[in-house]
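Reading through the C-alpha cells given below for one structure.
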Amino acid sequence: GIQVEQSPPDLILQEGANSTLRCNFSDSVNNLQWFHQNPWGQLINLFYIPSGTKQNGRLSATTVATERYSLLYISSSQTTDSGVYFCAVNQAGTALIFGKGTTLSVSS
Amino acid sequence: GAGVSQSPRYKVAKRGQDVALRCDPISGHVSLFWYQQALGQGPEFLTYFQNEAQLDKSGLPSDRFFAERPEGSVSTLKIQRTQQEDSAVYLCASSLVSTIEQYFGPGTRLTVT
C-alpha cells in the first residue's frame with residue numbers, strides 16, 4: 001500500500017516564526033488532505049489539495065503530484081496553531097492513509 | 001450546515017462488555033468511513049460504506065468489530081467483548097463521494113478497564 005511520510009516529527013517555534021511541513025507519498029494519489037488536530041482531538045480540514053497551490057489566510061499548501069510530495073506553510077505562527085498536523089492521501093475508492101503527523105508547539 | 005456528529009464522546013467499558021458507537025454524517029454524504037486512532041498515532045482505516053453497502057471492511061481488527069449503516073445515513077460501530085487493546089479514539093468521516101474531501105467528526109474516546 002501507499003506509504004506516507006511526514007517531516008519533521010516535532011517542531012518548536014516562537015510566536016511569529018514561519019514554518020514548512022513536508023509530506024512525501026510513495027504512489028500516485030487522487031486525494032491529498034492536510035488536517036490540524038486540536039488539543040481536543042478534532043481533525044480540522046485545512047486543505048484538500050491533490051495538486052497545485054492553495055492559500056487560506058496565514059496557511060498555504062502546495063502539492064507536486066508528479067514528484068509525490070506536498071508542503072504546508074504556516075506564516076506568522078500563533079500559539080493557537082499548536083497541535084498535530086496530518087497529511088492523508090487516498091486513491092480512487094479507498095480510505096485515507098495518514099502519515100504519523102508533525103507535532104507543532106508555538107510559544108509566546 | 002451541521003458537521004459530522006458522534007456519540008457518545010467518551011465511553012468507559014469494563015473488559016468483556018459490548019459497546020455501540022454512533023455516527024451521524026453530513027446530510028447527503030454518500031460515503032462514510034470509520035477510523036481508529038491510537039494514542040500518538042495517525043488514524044487508521046476500519047471500514048467504509050457507500051450508502052448502505054459496506055464496500056470495504058478490511059481494516060476491522062477482529063470479528064468482534066461490526067459496523068452497519070442500514071438506511072444509508074446513520075452508522076453504528078459495535079465492539080463485542082471489549083478488550084484493553086480496543087482503547088482508542090474512534091473517528092467517523094463522511095464525503096459526498098469516496099474520492100473527494102472527507103470531513104471528520106469529533107470522535108468517541110473508548111477506554112476499556
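Might you check whether a residue that is surrounded by fewer than 19 Cβ atoms within 10 Å (Cβ to Cβ), within 11 Å of another protein chain (Cβ to nearest Cβ) and either farther than 25 Å from A:Asn45 by Cα or touching a Pro at 6+ places or on another chain (Cβ under 8 Å) (or both) occurs anywhere in segment B:93-107? Within segment B:93-107, none of the residues are surrounded by fewer than 19 Cβ atoms within 10 Å (Cβ to Cβ), within 11 Å of another protein chain (Cβ to nearest Cβ) and either farther than 25 Å from A:Asn45 by Cα or touching a Pro at 6+ places or on another chain (Cβ under 8 Å) (or both).
Report those strands (runs of 3 or more DSSP E) wholly inside segment A:1-48 carrying at least 1 residues which are under 19 Å from A:Thr79 (Cβ atoms) and modelled with pLDDT of 95 or more.
Working: elements: A:4-7, A:10-14, A:19-25, A:31-37, A:43-48.
Because the criterion is at least 1 residues that are under 19 Å from A:Thr79 (Cβ atoms) and modelled with pLDDT of 95 or more, the strands (runs of 3 or more DSSP E) in segment A:1-48 that meet it are A:10-14, A:19-25, A:31-37, A:43-48.
Within segment A:36-52, is there a residue that is touching a Pro at 6+ places or on another chain (Cβ under 9 Å), of a type in the set (A, V, I, L, M, F, W, C) and without any contact (Cβ under 8 Å) to a residue 40 or more places away in the chain? The answer is yes, given that some residue of segment A:36-52 is touching a Pro at 6+ places or on another chain (Cβ under 9 Å), of a type in the set (A, V, I, L, M, F, W, C) and without any contact (Cβ under 8 Å) to a residue 40 or more places away in the chain. Quick one: is A:Ser7 more than 14 Å from B:Glu101 (Cβ to Cβ) and under 10 Å from the mean Cα position of the chain (by Cα)? Yes.
Taking segment A:11-49, which residues are surrounded by 13 or more Cβ atoms within 10 Å (Cβ to Cβ) and at positive phi? A:Gly41, the sole residue that qualifies.
Report, by residue number, each residue of segment B:52-74 that is of a type in the set (S, T, N, Q) and within 14 Å of another protein chain (Cβ to nearest Cβ). Passing the criteria: B:Gln54, B:Ser58.
The set of residues in segment A:50-108 being part of a strand (DSSP E or B), within 14 Å of chain B (Cβ to nearest Cβ), of a type outside the set (Val, Ile, Thr) and buried (at least 20 other Cβ atoms within 10 Å of the Cβ) consists of A:Ala61, A:Gly83, A:Tyr85, A:Phe86, A:Cys87, A:Ala88, A:Asn90, A:Phe98. Restricted to segment B:4-43, and to residues there that are away from every other protein chain (no Cβ under 14 Å) and among the hydroxyl-bearing types (Ser, Thr, Tyr), the residue that is surrounded by the fewest Cβ atoms within 10 Å (Cβ to Cβ) is B:Ser27.
The values are calculated or read from the model by the stated rules, or taken from the named source; none is laboratory data. The model shown is predicted, which means the values in this text are computed figures rather than measured ones. Cβ sites come from the backbone with ideal geometry, for glycine too, and all protein chains shown count toward neighbours.
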